[in-house]
Amino acid sequence: MGDPAVLIPSGLAKLHPQLETSIKSIAGAIQALQKKAGTSTGGGVSGSLAAQVQALQAQLAALQAQVDGIDAGAAVYKAGQTLPAYCAVYEVAAGVLAPADNAALETCVPLAGLTRAVAAAGQSVSLARNGEDLSNSVWSWTPRQPVYLGAAGALTQVLPLAGYPLVVGWAVSAIALRVGISGAGGDGPHTLAFQQQSPATSWEIDHGLNRYPAVVILDSSGDEVEADVVYLSAGSLRIDFAYAVSGQAFLN
């Protein structure tokens, strides 16, 4: 019987360094066992050596499953502290997550995702990323409205009037959220929100993004509104309406 093939999982360049090291170590151990078996048995793997190879290949298969998850956008992370479920988190150190906070810009850019379940310090974290849905029976969202990052990783539909107003998703029902973090994982600029509480024919927004963002406007009923956007500079703009409007503007 010929030696079993040693399959090195694909996508190593994208892996967490510890995972890549584990893969290479296990693959090297398999190759050493196969070399030893070839020297002692004339090229075949048998007996206890075969059992060791099979055990190591099972470990490789488990690592391959993690690689597949990474390829699908579910990177390997550990909790730097106890993380609650449905918490917006950022990478505080390589592979280590902590709660983001809209009052601390350095924790917001970029967000890693939203936790799916509670994770104790040191445990692996399962994250929901862009386009994925989360549901929680205790939520009471207003459908079709944005969900924002609040304090300590909390989610809210109340637009923060201070700090960094970052949209993390949209409510698809009262108990379901579709994750939509612009810029998560470096896939684009963040979405900032601005609220105009009293009706006005012009809204002036100092956003500080140092670019000229696209703008989507919703009135107080949640309907999209057309208006003229005038870019005053790379850090500010004005929205002109044909009539007085209150609502929200989303800058992306």
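The values are calculated or read from the model by the stated rules, or taken from the named source; none is laboratory data. Treat the numbers as computed from the prediction; the structure is a model and nothing was measured. Every residue, glycine as well, gets a Cβ built from its backbone with ideal geometry; the counts of neighbours run over all protein chains shown.
Taking the conditions exactly as written (more than 18 Å from Gln195 (Cα to Cα), of a type in the set (Phe, Trp, Tyr) and in contact with a Ser or Thr (Cβ under 6 Å, 6 or more places away or on another chain)), does Tyr148 satisfy them or not?
Taking the combined requirement at face value, the residue does not satisfy it.
Quickly run through the range 230-252 and pick out the residues that are buried (at least 18 other Cβ atoms within 10 Å of the Cβ), without any contact (Cβ under 8 Å) to a residue 40 or more places away in the chain and more than 25 Å from Val109 (Cα to Cα).
Within the range 230-252, just Ile239 meets the criteria.
What are the residues in the range 114-132 that are in a loop (DSSP other than H, G, I, E, B), surrounded by 11 or more Cβ atoms within 10 Å (Cβ to Cβ) and touching a residue at least 40 places away in the same chain (Cβ under 8 Å), if any?
Passing the criteria: Ala121, Gly122, Gln123, Val125, Ser126, Arg129, Asn130, Glu132.
Please determine, by comparing only the residues of the range 166-225 that are outside any strand (DSSP E or B) and either acidic (Asp, Glu) or modelled with pLDDT of 85 or more (or both), which one is nearest to the chain's Cα centre (by Cα).
Among those residues, the one meeting the criterion is Asp187.
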